[in-house]
1. For the condition among the hydrophobic types (A, V, I, L, M, F, W, C) and either buried (at least 21 other Cβ atoms within 10 Å of the Cβ) or within 30 Å of I252 (Cα to Cα) (or both), what is the one hit in V152, V97?
2. Somewhere in region 4-17, is a residue surrounded by fewer than 23 Cβ atoms within 10 Å (Cβ to Cβ), more than 26 Å from L186 (Cα to Cα) and at pLDDT 95 or above?
3. Regarding region 121-144, can at least one residue be identified that is crowded, with 18+ Cβ neighbours inside 10 Å, free of Cβ contacts under 8 Å to residues at least 24 places away in the same chain, on the phi < 0 side of the Ramachandran plot and not in a loop (DSSP other than H, G, I, E, B)?
4. Please go through (1) surrounded by fewer than 15 Cβ atoms within 10 Å (Cβ to Cβ); (2) at pLDDT 95 or above; (3) not basic (K, R) for V66 and return the number of the only condition it doesn't satisfy.
5. Out of the residues in region 167-223 that are among the β-branched types (V, I, T), touching a helix residue (DSSP H, G or I) at 6+ places or on another chain (Cβ under 8 Å) and surrounded by fewer than 23 Cβ atoms within 10 Å (Cβ to Cβ), state the one that is farthest from L265 (Cα to Cα).
Amino acid sequence: MKIVYAADLHENRKAYEELLKLVSLTRPDLVILGGDYFRPSRSATSQLRFIEEYLASWLVQLAVPVYFIYGNTDIPLAIERLGQVSERVRLLDLRPVALGDGLTLRGYGMVNISPFKIKHYERRDLASDQYEASQPYLLSGTGNELVEAEPVTLDQLPSIEEELQSIEGGPDSIWVMHAPPYDTKLDMISRTQHVGSRAVRAAIEKHQPLLTLHGHIHESPSISGSWTDRIGETVCVNPGSGTSLYAVTIQIRNNQILNLSHTVL
């Protein structure tokens, strides 16, 4: 099985076009997208416009099955619309999707709390964590606009740790998670600062999936010098993000990763 994976494209049409060319050249069995398709916005209007003007037709042109998760800059209304583009385009969640060759695919887009003001896809990392906001934050309301949340809102929602209690894994599993695991080569915003999810790391340590695919921390591969890492037997990937396409081609056979290649690094 051949997979092409990318994340954090943020309306970069140059990168989208390069990804389309990569898919045409490599002819993968499927494409996996790891979230953050849009620029940050306080309204769904601009993201919905990008879908109608560009992204919907781009997804159809890929002409292979596409599995995707949301990222923290994506507004729920836009993610809902992406899932309606084509029967070949499917939003992942914690329920397993059978890929063939004995592999299963799961997805999870929540990230641990960041300094960003928009937090509709942010959650407390561990169940024991408490979040005290230093400023008002925004969540999705019932319409196109984001609304200011009560300070205690995130404390009242399940943590990443709690939501991942239901996940299953093993050497036949691929996980797509926007947040990279904590204390790896994939979650560094400086040479001394790791900002990934402890809960994601604990789930990987416990279940040992074959492969996990991440994003969110654009600069980490450049800082750490690597877009891959290992947690036990699990291979973890964050391709990063830049002005050109940062994507990874993956070949798997008999539950073994035969090859990983990056478009830039």
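The values are calculated or read from the model by the stated rules, or taken from the named source; none is laboratory data. Everything numeric in this text was worked out from a predicted model, so none of it was measured. Neighbour counts are summed over all protein chains in view; Cβ atoms, including those assigned to glycine, are modelled from backbone coordinates with ideal geometry.
1. Values: V152 fails: either buried (at least 21 other Cβ atoms within 10 Å of the Cβ) or within 30 Å of I252 (Cα to Cα) (or both).
Of V152, V97, the one residue that is among the hydrophobic types (A, V, I, L, M, F, W, C) and either buried (at least 21 other Cβ atoms within 10 Å of the Cβ) or within 30 Å of I252 (Cα to Cα) (or both) is V97.
2. Kept after step one, since they are surrounded by fewer than 23 Cβ atoms within 10 Å (Cβ to Cβ), are these residues of region 4-17: 10-17.
The next check asks that each one be more than 26 Å from L186 (Cα to Cα); those that pass are none.
Looking through region 4-17, none of the residues is surrounded by fewer than 23 Cβ atoms within 10 Å (Cβ to Cβ), more than 26 Å from L186 (Cα to Cα) and at pLDDT 95 or above.
3. Restricting attention to region 121-144, the residues satisfying the condition of being crowded, with 18+ Cβ neighbours inside 10 Å are 121-125, 131, 137, 139-140.
With free of Cβ contacts under 8 Å to residues at least 24 places away in the same chain added as a condition, the list becomes 137, 139.
Pick out the ones that are also on the phi < 0 side of the Ramachandran plot and you get 137, 139.
This time we only want the ones that are not in a loop (DSSP other than H, G, I, E, B), so: 139.
Within region 121-144, one or more residues are crowded, with 18+ Cβ neighbours inside 10 Å, free of Cβ contacts under 8 Å to residues at least 24 places away in the same chain, on the phi < 0 side of the Ramachandran plot and not in a loop (DSSP other than H, G, I, E, B).
4. (1) is the only condition that V66 fails.
5. Initial filter on region 167-223 (among the β-branched types (V, I, T)): 167, 174, 176, 184, 189, 192, 195, 200, 204, 212, 217, 223.
With touching a helix residue (DSSP H, G or I) at 6+ places or on another chain (Cβ under 8 Å) added as a condition, the list becomes 167, 184, 189, 200, 212.
Checking which are surrounded by fewer than 23 Cβ atoms within 10 Å (Cβ to Cβ) leaves us with 167, 189.
Numbers: I167: 31, I189: 18 Å.
Ranking the candidates gives I167 first.
For (1) in contact (Cβ under 8 Å) with a residue 60 or more places away in the chain; (2) in a helix (DSSP H, G or I), each residue gets a yes or a no:
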| residue | (1), (2) |
| --- | --- |
| T212 | no, no |
| G215 | yes, no |
| P221 | no, yes |
| D229 | no, no |
| C236 | no, no |
| P239 | yes, no |
| S244 | yes, no |
| Q251 | yes, no |
| S261 | no, no |
